[in-house]
Every structure is written in C-alpha cells, then in structure tokens.
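None of the figures in this text is laboratory data; all of them are computed from the coordinates on show. Computed from a predicted structure; not experimentally measured. Every residue, glycine as well, gets a Cβ built from its backbone with ideal geometry; the counts of neighbours run over all protein chains shown.
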C-alpha cells in the first residue's frame, strides 16, 4: 500500500473544494488541490485530479479558475465568476457564470476541443446542532458545450465536530441526454491550522458501487 499512499499524497499536492454560495471576501484567496483514484472491473487504475483557485475581487464578487484532468475524461479548463445576490442572517444566494473547454484525444490520436459555458445558482445556510456549527449548500448548474448539455444538482451537508475536525457528506447528481447519474461523497476534514485543511473521503456511484474512488484534498486560504 505504500505506492498507493504516495500516489494519493502526490495528487493532493499537485492537483476542489469551494465556498459554494458564500462570498470569498474582498482580497482573500482560496486554493485547493484534490485527487481521486479507483479501479475498474478489469483491474485497471483510473485517476482524476483538479486544482482550484478563487479570489475575492469585491465583497460580493469572486473570480477564479479550475483545471482538471482524468484518465477517462481528458483535460478540463474553466474560468468563472460568482456574485452574491442576496444574504440575510444565515442564508446566502449566489449566481455563477463560467466559460470552459474540454480537450480529449480521439481514436486517431487527434486532439478534440469542446468549448462551452455554464450558469448556476447556489444557496447556502449555516446552522447549529448540539452547539456545533454546520452548513448546507444546494448548487444547481446548467453546462452546455459543442458535445453535450448537462444539468447538475449538488448537495453538501457539513458539521464541525471539533475545532480541528469536520465531517461532511455530498450528493452529486448529473443528467446528460436524459440519463441521470448520482454519486455519494462522504468525507472528513482536518484543520492543520486556521488556513490549511486536509480532506480525506470517498466518491461512490449509486449504480456502480464497486468503482468507488478514494479522494484526498488539500485546502489553503491566504
């Protein structure tokens, strides 16, 4: 298992967690890197890595980039902007727009580029449970490109168990050409300090649980 641990740590250091509906804050920067690893039915290993950067341009406006690469999905690049349209008490609502492209190789080895755009709406709410702080986010997004149209709806529920430990569970729903896929992603987050956090979790497809992936991520704020 030493090679597996080493591989995951490497993905963590070179490879997304974001604020969801909450504004980043003027002048603040958030970065994250994550990697996933799973095995298919034939025993082949597959990976997915991503790097995320977000900057608070104003108290309500955030801009950022996402870069991702997978053994089955090719390379993805995105630039985005999120704006907080409403915030009251523990509730917050934000809009997001994005431009993105996907790069893959066809059977002849030729690169295929598929540009597109995305629009989304995010709702977040903080709460307390047994004197512990928690949060819930609901994210809906429509992605369109020259290859496909996708509707995504993601749910995140998190709870702080300790000043250094958080638990969360996420449900990712994606509908492409009328076919819906759901993935469950439980995880734990350890705070190394106020600005650095490590996430360890899993991603389990509802239809193909044997292809569950291990996930490792690193978050950094400055």
Full-extension gain in nm, residue 208 to residue 148, via 0.36 nm per residue minus C-alpha separation:
19.3 nm
At q = 0.13 1/Å the base-10 log of I(q)/I(0) from the Debye formula over the alpha-carbon atoms of the stretch 113-222 is -0.63
Between residue 60 and residue 29, what is the label-to-label distance in nm when each label sits 7 Å out along the Cα-to-Cβ direction?
2.6 nm
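Based on the Cβ-Cβ distance of residue 194 and residue 110, what FRET efficiency does E = 1/(1 + (r/R0)^6) give at R0 = 45 Å, to the nearest 0.05?
Numbers: r = 48 Å, r/R0 = 1.06.
After rounding, the FRET efficiency stands at 0.40.
Given a Förster distance of 22 Å, report the FRET efficiency between residue 128 and residue 163 from their Cβ-Cβ distance, rounded to the nearest 0.05. Don't skip to the end; give the middle numbers.
On the way: r = 15 Å, r/R0 = 0.68.
For residue 128 and residue 163, the calculated efficiency is 0.90.
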Per-residue Cβ contact counts at 10 Å, fewest first, order 105, 157 as 105, 157
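As a footprinting exposure proxy, order 172, 30 by other Cβ within 10 Å, with the fewest listed first. Don't jump to the answer; show the numbers that get you there.
Numbers: 172 18, 30 21.
Result, fewest neighbours first: 172, 30.
Among 203, 57, what is the fewest-to-most ranking by other Cβ atoms within 10 Å?
Ordered by Cβ neighbours within 10 Å, fewest first: 57, 203.
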Three-way shape call for the stretch 166-222 based on the alpha-carbon gyration tensor, with the a/c threshold at 1.5
prolate
Give me the extension gain from residue 86 to residue 184: residue separation times 0.36 nm, minus the current Cα-Cα distance, reported in nm with one decimal.
32.4 nm
Taking the simple approach of a point 7 Å from Cα along Cα-to-Cβ for both residue 39 and residue 75, what is their distance in nm?
3.0 nm
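Would you mind classifying the chain by shape? Square roots of the alpha carbon gyration tensor eigenvalues, ordered a ≥ b ≥ c; an a/c under 1.5 is rounded, otherwise it is prolate if a/b is larger than b/c and oblate if not.
Numbers: a/c = 1.57, a/b = 1.21, b/c = 1.30.
It is oblate, given that a/c is not under 1.5 and a/b is not larger than b/c.
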